[in-house]
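See structure below.
Taken together, the values in this text are just the output of simple stated rules run on the coordinates, not laboratory data. This structure is a prediction, so every number in the text was calculated from the model and none was measured. When we count neighbours, we look across all protein chains shown, and the Cβ atoms used for this are built from the backbone with ideal geometry, even at glycine.
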Amino acid sequence: MNDRSSFGSKFGIIAAVGGSVVGLGNIWRFPYIAGENGGGAFILIYFLISLTIAVPIMLSEFSIGRRAMCNARRAFPKVSPGTKWGFIGYLGIATAFTIISFYSVIAGWSMEFFFKAVANGFSEQTPEQITSEFNAFTSDGWAPLIWTLVFVLTTAFVVKAGIEKGIERYSKIFMPTLGLIIIGLGIHSLTLPGAGEGLDFLLTPDFSKVTAKTFIQALGQSFFSLSLGMGTMITYGSYIKKKENMFKVAGTVAVADIAVAIISGIMIFPAVFSFGISPTQGPELVFITLPSIFSMMPGGYIISVVFFFLLFLAAITSSISIFEVLVSYVSEEMRMSRRKAVLLTTLAISFTGTLCVFSLTPDSAIAIGGQNLFDLCNLVSSDYMLPIGGLFIVIFTGWSMKKQVLYNELTSDGRFGTKLFKAFYLLVRFVIPVIISILFLSILGFI
Ligand code: TRP
């Protein structure tokens, strides 16, 4: 397909891929998962997993995508014709759906909180008041639904505009803005009274709490945060031109992703300790902790407005990438125009998003085995679907793709990273599949 769209510039690629990886995963999910898993030790494990497992998987996804030059479902049979690996693509489509359904709900919360911040709604509120208002809002059904739908439509608007004129153009504006805001907020947090205790929690490892589950959660978080295991990077890889250095792209965005996660932790944990909020609070951590600081500090008004805008930006550049996986699949496989594919995807996501919103209302029946659909999507996607998808992707790369084809694609025909190839190949063929399998066997109780 010679007329396939691609990213226009190096900075554009970094902005779009960076936009995908940096998202609610870093600012909303990382702090609470780190908090639930004891802080420092989890972060160390997360760091190691990101560099040794996640980055090679990102490179694998890029290679598959750029080689195939098509959507994430068709890519597998196209790269290895006549094999049975096509199911990985379907798993990816299912995962994309699962993630975007609850992701849009949280993104919707960030929009509600943005407007609340603009209306000065947090001033003079105690953490208890903020908590109860948050709970009342999220369990209301209709109000969060409106925001979820507004968010889905906004995402659809950007995706409809296409790769270079939509995704790349908006990411180039949004990402640097987000970087500046988050660094500013992080520095500010270091001046809070709880800063020492917060940093201590984040940076001092306590290995007594580490179990196999800690590793799985670190693995899932790393995949979620780096947008891996379901074909986002296959899809984006298909828009990367042959002359670009994919090692550089993967390295840069991985470092940026980890940095944003750590800065988010620095932003949140000092406040957690100064207000006596529990670090194991769960998904509402960011939505409760930060307004609590904002309500009391000088300049809190402007900072709260800026922060929730940041959260919205981070969310939209990521949801765009999940949406794009679905749209490229629908448009290429069902032979529809991009416009129609966006419409169909939007309708489907609006439906599943609505189910997630209403699963949070009191006594909702939208639950499976006692877990509401929202929590279930969040948990199952990161702890199971992404790592399983990632496992299949590395096995495919290491064992089904021809070595020479992989080498040529990954190194751009021997131009970049040729010395790293051997290590990469060893990791994807043996080390990573073995580690992920052991982790799964151990949480399933076989080891
Ligand atoms: N990485 C994004 C975040 O941190 C979310 C995301 C985008 C994602 N694309 C993905 C997660 C693909 C898993 C798979 O918020």
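A few points about this structure:
- Pick from region 98-127, criterion touching a Pro at 6+ places or on another chain (Cβ under 9 Å) and among the small types (Gly, Ala, Ser), ranking: surrounded by the most Cβ atoms within 10 Å (Cβ to Cβ): GLY108
- Counting residues in region 335-344 that are crowded, with 22+ Cβ neighbours inside 10 Å, assigned to a helix (DSSP H, G or I) and of a type outside the set (S, T, N, Q) gives one or more.
- Summed over region 305-333, the residues that are buried (at least 21 other Cβ atoms within 10 Å of the Cβ), touching a Ser or Thr at 6+ places or on another chain (Cβ under 8 Å) and not hydrophobic (A, V, I, L, M, F, W, C) give a count of 6.
- With respect to (1) within 17 Å of ILE322 (Cβ to Cβ); (2) of a type outside the set (A, V, I, L, M); (3) within 16 Å of the ligand (Cβ to nearest atom), the lone exception for ASP383 is condition (1).
- Residue within region 246-261 that is within 16 Å of the chain's Cα centre (by Cα), closer than 30 Å to PRO127 by Cα and not hydrophobic (A, V, I, L, M, F, W, C) present: yes
- Here THR83, THR52, THR95 are screened, and the one residue that is touching a residue at least 40 places away in the same chain (Cβ under 8 Å), buried (at least 24 other Cβ atoms within 10 Å of the Cβ) and among the β-branched types (Val, Ile, Thr) is THR95.
- Subset of region 167-189 [surrounded by fewer than 20 Cβ atoms within 10 Å (Cβ to Cβ) and not basic (Lys, Arg)]: ILE173, PRO176, THR177, GLY179, LEU180, ILE181, ILE183, GLY184, GLY186, ILE187, HIS188
- Selection count, region 400-416, where residues are surrounded by 15 or more Cβ atoms within 10 Å (Cβ to Cβ) and either over 19 Å from ILE234 (Cβ atoms) or not small (Gly, Ala, Ser) (or both): 8
- Failed item in (1) over 14 Å from the mean Cα position of the chain (by Cα); (2) surrounded by 15 or more Cβ atoms within 10 Å (Cβ to Cβ), with PRO193 passing the rest: (2)
- Counting only residues that are over 11 Å from LEU202 (Cβ atoms) and surrounded by 24 or more Cβ atoms within 10 Å (Cβ to Cβ), region 251-286 holds 6 of them.
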